[in-house]
Amino acid sequence: MEYIKDVRQAGKVRHKLKIILVIVLLATSANTDDWRKWQELLK
């Protein structure tokens, strides 16, 4: 994932792009399809 550039404004970034992408990948592979299920997965 080093080849993906994060073009967001540094002062407004709360979470690293790499972490967000990993969470999305894991949630998708766990077949979660809404935010509540994602929250449960991340706990």
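The values are calculated or read from the model by the stated rules, or taken from the named source; none is laboratory data. Values in this document were obtained by computation on a predicted structure and should not be read as measured data. Please note: Cβ atoms are built from the backbone with ideal geometry, for glycine as well, and neighbour counts cover all protein chains shown.
Looking across segment 5-20, the residues that are within 24 Å of TRP38 (Cβ to Cβ), among the basic types (Lys, Arg) and assigned to a loop (DSSP other than H, G, I, E, B) come down to ARG8, ARG14, LYS16. Restrict the check to segment 29-38 and report whether at least one residue is among the hydroxyl-bearing types (Ser, Thr, Tyr), surrounded by 11 or more Cβ atoms within 10 Å (Cβ to Cβ) and at pLDDT 80 or above. No, the conditions are met nowhere in segment 29-38. Among residues of segment 14-34 that are in contact (Cβ under 8 Å) with a residue 40 or more places away in the chain, none has a Cβ under 9 angstrom from a residue that is surrounded by 10 or more Cβ atoms within 10 Å (Cβ to Cβ) at a sequence gap of 6+ or on a separate chain. Taken residue by residue, segment 7-16 has at least one member that is within 9 Å of the chain's Cα centre (by Cα), surrounded by 10 or more Cβ atoms within 10 Å (Cβ to Cβ) and modelled with pLDDT of 80 or more.
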